[in-house]
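This report concerns only the one structure given below.
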Amino acid sequence: MVSEAPPFWWEKPDWRAYALMPFSAIYGAIAGKRMRTAKRASAPIPVICVGNFTVGGAGKTPTSIALARAAKEMGHTPGFLSRGYGGSLDVTTLVDCDRHRSDAVGDEALLLASEAMTVISRKRVDGARKLAAEGADLIIMDDGFQSARLHLDFALVVIDSVRGIGNGHLVPGGPVRAPIPEQMRQLSALLKVGNGDAADALVRKAARAGKAIHVATLQPRPDDTLAGKNMLAYAGIADPEKFYRTVRSIGGLITTTRSFPDHHYFTEDEIRSLIDDAEREGLLLATTAKDAARLAGHSGPARELLERSKIVEVDMIFDDPHGPSAMIEAAFRNFRERRLREGAAKG
């Protein structure tokens, strides 16, 4: 399953957003009530949720990876919990990078599994128990802030400073997943990514509500082989323009772009078109780690495209290098308090 957000979601509200307001109101009422009243199961280990206000990418996966790296430096054994979006497996599964392909477990799960143990599960409770049984002492849940059925010991909401929350309308008139006041009430901290100003109003609102504010930047890993090269850049992610800006920031000269829907699986014709266009125009192919994950494990044209493509890797770098460890410590502290409350309730 793939998704593509309508472009008008990320523009100033127009007639389409306003025409859909009745449906957005219904959606918001349901989503808000679900967040307020959902019965959340207790996980046996601490749970950090990395989510965002809106549909689409804001940097959740690199943020999750940054937290896992910090946890490992602190001596913990983190495990990622993912729904496995875009994959076909509907049973709780420990992801094996050598055995699974993205069409089974999802592209994000493969990226996460290259950093730490990763479980995909449509039922978050089952996935949490599986991670604990596998030896994890901390769960980092990629997405699921609005719909999780787990008790969250720390909820970090990531917001892109260029896109913000788009037109500010709820689905289907805009990208917002649930009423902002309810989301703001339940988050523990806000992470602003980048140097734009589209997120500033929400950052101020979160600060007034006493929420912790963190700032980070997506930084591409240095690659001197890309500087000054004419490129065909292609991406099937929520915000392809972000990827193109990243390529340009390291000196790549993009002459042609090809944008596809988020989590898109390339057809053979699309693959052949990318290869042929690059050859004809003498361009270097460049793509994202997520797109590479969807091409990995296949033979034929998909393998050829992957071998021909430069993968531009990025890392989430916090302005405060102690930010991730502070969030992890808060999650463990909240977990201990939760267990004490649960024990008192049973007693």
Considering residues that are in a strand (DSSP E or B) and over 22 Å from HIS214 (Cα atoms), the number found within the stretch 166-188 is 1
Over the stretch 136-150, the set of residues assigned to a loop (DSSP other than H, G, I, E, B) and either modelled with pLDDT under 95 or over 22 Å from LEU340 (Cα atoms) (or both) is ASP143, GLY144, PHE145, GLN146, SER147, ALA148, ARG149
When restricted to ASP126, ASP98, the only residue assigned to a loop (DSSP other than H, G, I, E, B) and more than 19 Å from SER64 (Cβ to Cβ) is ASP98
Would a scan of the stretch 192-200 turn up a residue that is of a type in the set (Asp, Glu), assigned by TED's automatic domain parsing to the domain that holds ASN167 and either in contact (Cβ under 8 Å) with a residue 60 or more places away in the chain or under 30 Å from GLY168 (Cβ atoms) (or both)? yes
Counting only residues in the stretch 101-115 that are touching a residue at least 40 places away in the same chain (Cβ under 8 Å) and surrounded by 22 or more Cβ atoms within 10 Å (Cβ to Cβ), the one nearest to SER299 (Cα to Cα) is identified as SER102
Per the filter on the stretch 222-252, residues over 22 Å from the mean Cα position of the chain (by Cα) and either crowded, with 20+ Cβ neighbours inside 10 Å or aromatic (Phe, Trp, Tyr) (or both) are MET231, LEU232, GLY252
Flagged in the stretch 189-244 as farther than 16 Å from ILE317 by Cα, among the aliphatic types (A, V, I, L, M) and either in a helix (DSSP H, G or I) or in contact with a Leu (Cβ under 6 Å, 6 or more places away or on another chain) (or both), in numbering order, are ALA189, ALA201, LEU202, VAL203, ALA206, ALA207, MET231, LEU232
Reported set for the stretch 245-263 where residues are part of a loop (DSSP other than H, G, I, E, B) and either within 19 Å of LEU305 (Cβ to Cβ) or of a type in the set (S, T, N, Q) (or both) is GLY252, PHE260, PRO261, HIS263
Looking across the stretch 144-185 at residues that are without any contact (Cβ under 8 Å) to a residue 60 or more places away in the chain and closer than 23 Å to ALA41 by Cα, the single one that is surrounded by the fewest Cβ atoms within 10 Å (Cβ to Cβ) is ARG185
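Yes/no per residue for (1) modelled with pLDDT of 95 or more; (2) surrounded by 17 or more Cβ atoms within 10 Å (Cβ to Cβ); (3) touching a strand residue (DSSP E or B) at 6+ places or on another chain (Cβ under 8 Å); (4) not acidic (Asp, Glu):
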residue	(1), (2), (3), (4)
PRO261	no, no, yes, yes
ASP269	yes, no, no, no
ASP276	yes, no, no, no
ALA302	yes, yes, no, yes
LEU305	yes, yes, yes, yes
PHE318	yes, yes, yes, yes
ARG336	yes, no, no, yes
For THR255, state whether it is surrounded by 20 or more Cβ atoms within 10 Å (Cβ to Cβ), in contact (Cβ under 8 Å) with a residue 12 or more places away in the chain, among the polar types (S, T, N, Q) and under 28 Å from PRO7 (Cα atoms).
-> no
The correct count of residues that are touching a residue at least 24 places away in the same chain (Cβ under 8 Å) and more than 30 Å from GLN186 (Cα to Cα) in the stretch 222-252 is 21
Of the candidates ASP96, ASP103, the one satisfying the condition of being over 17 Å from PRO172 (Cβ atoms) and in contact with a Gly (Cβ under 7 Å, 6 or more places away or on another chain) is ASP103
| said: Going residue by residue through the stretch 236-245, is there one that turns out to be touching a Phe, Trp or Tyr at 6+ places or on another chain (Cβ under 6 Å) and closer than 19 Å to GLY59 by Cβ? | reply: yes
Of (1) touching a strand residue (DSSP E or B) at 6+ places or on another chain (Cβ under 8 Å); (2) in contact (Cβ under 8 Å) with a residue 40 or more places away in the chain; (3) farther than 27 Å from PHE335 by Cβ; (4) surrounded by 17 or more Cβ atoms within 10 Å (Cβ to Cβ), GLN219 fails just (4)
### Message
When you scan the stretch 333-346, do you find a residue that is farther than 21 Å from GLY106 by Cα and not in a helix (DSSP H, G or I), even just one?
### Response
no
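The values are calculated or read from the model by the stated rules, or taken from the named source; none is laboratory data. Given the structure is predicted, the values throughout are model-derived calculations rather than measurements. Ideal geometry is used to build each Cβ from the backbone, glycine not excepted, and the neighbour counts take in all protein chains shown.
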